[in-house]
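Each remark here refers to the structure printed beneath this line.
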Amino acid sequence: MEREAVLVGIDVGTSKVCALIGEVSRDGKLTIMGHGTVPASGLKKGVVVNIDQTYRSIADAVERAERLSGWKIDRAFVSVGGPHVESLNSTGQVAVTAHHREVTREDVNRAIEVARAVSIPSNREVLHVERRGFIVDGQEGVKDPLGMSALRLEVETHIVTASATSVQNLSKCIQAAGVKIDELVVGSLASAEAVVTETEKDLGVAVADIGAGTIDLALFSDGSPFHTTVLPVGGNNVTNDIASVLMTSLQVAEEVKISHGSCDLRTVRDDETINVTVLGEDADRTLVRREVCEIIEARMRETFEMLRAEMASAGPGRLPAGIILTGGAAQLAGTADLGREVLQMPVRVAAPTGIGGLVDTLLNPGYATSVGLLAWGAAGLGGPDTLRYETAPAGGGLGRIRDALRSIFP
């Protein structure tokens, strides 16, 4: 019997917490067995500001996913976000020690340790050390040096760090919900797993996950990330602008943005009107839709200009595959068109693909990070510690039925 692994991803965002339970078959196919999504409280711009509220949101999402799947969540891959996420690139060089001068795994690990030994402040925590490539005796562009004859091995790494206190507060909330952490994964790298192709990574591409409070940005070239950061703007900024200009509540402003908003003014007619509830007035006020769209367009244009400046500072001219937009706020009408105009590069809005099972609501840009966490976990399943990811079945009826079916149909 081919025994698959069961993985769990918990995306803790500014506006929602999503827990996903997925089954990975031996051929790498991902099937969603359960999901729970609840509105997030206790977070601001992706960072925990209230432990108790955040813990309750996580516990609710976990409980819903468990109830739907019949499995008990024991451990999970968890997303990390917030403007405190930073990155740097570092190289490490070692002499190959084996008597026959062949690169061994020990040499690779030593080179990575040297690269990792950069000066990082004590209030920062290393989340990822991604291998970008190797140089073997001056030969660049080596992806896997194991077994190669060499005297000197050099590795280039991409190191992602985060605020130690922010990471600890998030970890407390996850553990309080009764879940152990398999790995903390930066949101942009998780999203990339769900929406970016290997060809795009090789060419050079940016991934921007536009959430409610932040934009998780990762830039790739030659198949691996070289710049990872988080910008402190998101869909909530647009909602706040609408609410303040129209003098309405945030809830009404959000509804107006989703139902009537667009970033592309060319598609908005001058004679279109909408009705909006205004604070302090009994009757709805009739507004010209174009006025609302101008508010949205101005804020989104500013957001894309921030993205352009950030990408230019990381290394201009390295992204022939353009930028991929995902995340809940990327669904705003006209976003890709405005992005092409401001950024002057290919832009597409992407949702997760290649998953089966209970995916009715998940094939949506807002779930890119959640699905990406499972894909991240699945990519690391090849090692000998595969069983570490096994999750205990729930004792409920669904769990028992599932076990019975497996014994009949191995």
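The values are calculated or read from the model by the stated rules, or taken from the named source; none is laboratory data. Quick caveat, the model's predicted, so the values are computed rather than measured. Methodologically, a virtual Cβ is constructed for each residue, glycine included, from the backbone with ideal geometry; neighbour enumeration extends over all protein chains shown. Just the protein is used for accessible areas: all its heavy atoms, side chains included, with ligands, DNA and RNA removed. Shrake-Rupley method; radii C 1.70, N 1.55, O 1.52, S 1.80 Å.
Of all residues in the stretch 369-381, one or more are small (Gly, Ala, Ser), part of a loop (DSSP other than H, G, I, E, B) and farther than 14 Å from Ala194 by Cα.
Could you figure out which of (1) out of contact with any Ser or Thr (no Cβ under 7 Å at 6 or more places or on another chain); (2) within 25 Å of Gly92 (Cβ to Cβ); (3) crowded, with 22+ Cβ neighbours inside 10 Å isn't true of Thr157? Against the list (1) out of contact with any Ser or Thr (no Cβ under 7 Å at 6 or more places or on another chain); (2) within 25 Å of Gly92 (Cβ to Cβ); (3) crowded, with 22+ Cβ neighbours inside 10 Å, Thr157 comes up short only on (1). Can you spot a residue in the stretch 298-311 that is open to solvent by 30 Å² or more (accessible area, probe 1.4 Å) and in a loop (DSSP other than H, G, I, E, B)? No, there is no match, as no residue in the stretch 298-311 is open to solvent by 30 Å² or more (accessible area, probe 1.4 Å) and in a loop (DSSP other than H, G, I, E, B). Is it the case that some residue within the stretch 217-228 is at pLDDT below 95, in contact with a His (Cβ under 6 Å, 6 or more places away or on another chain) and farther than 23 Å from Gly339 by Cβ? Checked against the condition, which is being at pLDDT below 95, in contact with a His (Cβ under 6 Å, 6 or more places away or on another chain) and farther than 23 Å from Gly339 by Cβ, the stretch 217-228 yields no hits at all.
Does the stretch 264-278 hold any residues that are within 18 Å of Val245 (Cβ to Cβ) and in a loop (DSSP other than H, G, I, E, B), and which are they? Spell out the reasoning first.
At the first step, the residues of the stretch 264-278 found to be within 18 Å of Val245 (Cβ to Cβ) are 265, 268, 272-278.
The answer is Val268, Glu272, Thr277, Val278.
From the list Glu4, Glu86, which residue is open to solvent by 10 Å² or more (accessible area, probe 1.4 Å) and over 26 Å from Ala218 (Cβ atoms)?
Numbers: Glu86 fails: over 26 Å from Ala218 (Cβ atoms).
Within the list Glu4, Glu86, the selection yields Glu4.
Only one of the listed residues (Val49, Val8) is at pLDDT 90 or above, β-branched (Val, Ile, Thr) and under 20 Å from Ala190 (Cα atoms). That residue is Val8. As for the stretch 327-349, it holds no residue that is touching a residue at least 40 places away in the same chain (Cβ under 8 Å), under 23 Å from Asp222 (Cβ atoms) and either of a type in the set (S, T, N, Q) or open to solvent by 10 Å² or more (accessible area, probe 1.4 Å) (or both).
Of the residues that sit in the stretch 241-259 and are assigned to a helix (DSSP H, G or I) and of a type in the set (Gly, Ala, Ser), which one is farthest from Lys44 (Cα to Cα)?
Here the answer is Ser259.
Across the stretch 89-135, the qualifying residues are those that are hydrophobic (A, V, I, L, M, F, W, C) and assigned to a helix (DSSP H, G or I), and the one among them that is surrounded by the most Cβ atoms within 10 Å (Cβ to Cβ) is Ala111.
Of all the criteria given as (1) assigned to a strand (DSSP E or B); (2) surrounded by fewer than 20 Cβ atoms within 10 Å (Cβ to Cβ); (3) touching a helix residue (DSSP H, G or I) at 6+ places or on another chain (Cβ under 7 Å), the one not satisfied by Leu146 is (1).
The residues in the stretch 152-185 that are over 17 Å from Asn123 (Cβ atoms) and in contact with a strand residue (DSSP E or B) (Cβ under 7 Å, 6 or more places away or on another chain) can be counted, and the count is 15.
Consider the stretch 246-272. How many of its residues are open to solvent by 90 Å² or more (accessible area, probe 1.4 Å) and either of a type in the set (D, E, K, R) or farther than 22 Å from Gly211 by Cβ (or both)? Show your work before the answer.
Here is the first cut: in the stretch 246-272, the residues open to solvent by 90 Å² or more (accessible area, probe 1.4 Å) are 247, 250-251, 255, 258, 266, 269-271.
Still in the running and either of a type in the set (D, E, K, R) or farther than 22 Å from Gly211 by Cβ (or both): 247, 255, 266, 269-271.
Residues flagged as open to solvent by 90 Å² or more (accessible area, probe 1.4 Å) and either of a type in the set (D, E, K, R) or farther than 22 Å from Gly211 by Cβ (or both) within the stretch 246-272 amount to 6.
Can you find, within the stretch 24-75, the residue that is most open to solvent (accessible area, probe 1.4 Å) among those that are among the polar types (S, T, N, Q) and in contact (Cβ under 8 Å) with a residue 12 or more places away in the chain? Before you say what the answer is, go through the steps one by one.
Start the filter on the stretch 24-75 by keeping residues that are among the polar types (S, T, N, Q), which leaves 25, 31, 37, 41, 50, 53-54, 57, 69.
Narrowing the set further to residues that are in contact (Cβ under 8 Å) with a residue 12 or more places away in the chain leaves 25, 31, 37, 41, 53-54, 57, 69.
Values: Ser25: 45, Thr31: 45, Thr37: 40, Ser41: 50, Gln53: 80, Thr54: 0, Ser57: 6, Ser69: 13 Å².
It comes out as Gln53.
Among the criteria (1) out of contact with any helix residue (DSSP H, G or I) (no Cβ under 7 Å at 6 or more places or on another chain); (2) not in a helix (DSSP H, G or I), the one Phe220 does not fulfil is (1). Taking (1) in contact (Cβ under 8 Å) with a residue 24 or more places away in the chain; (2) in contact with a strand residue (DSSP E or B) (Cβ under 8 Å, 6 or more places away or on another chain) in turn, Pro352 satisfies each apart from (2).
Only a single item in (1) in a helix (DSSP H, G or I); (2) open to solvent by 90 Å² or more (accessible area, probe 1.4 Å); (3) closer than 15 Å to Ala333 by Cβ is not met by Val238, and it is number (2).
Only one of the numbered conditions (1) part of a helix (DSSP H, G or I); (2) surrounded by 19 or more Cβ atoms within 10 Å (Cβ to Cβ); (3) not aliphatic (A, V, I, L, M) is not met by Thr165, and that is (2).
Yes/no matrix, rows are residues, columns are (1) among the β-branched types (Val, Ile, Thr); (2) open to solvent by 10 Å² or more (accessible area, probe 1.4 Å); (3) closer than 16 Å to Thr14 by Cα; (4) in contact (Cβ under 8 Å) with a residue 24 or more places away in the chain:
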position	(1), (2), (3), (4)
Ala176	no, yes, no, yes
Val179	yes, no, no, yes
Glu183	no, yes, no, yes
Val186	yes, no, yes, yes
Ser191	no, no, yes, yes
Val195	yes, yes, no, yes
Leu203	no, yes, no, yes
Ala206	no, no, no, yes
Ile210	yes, no, yes, yes
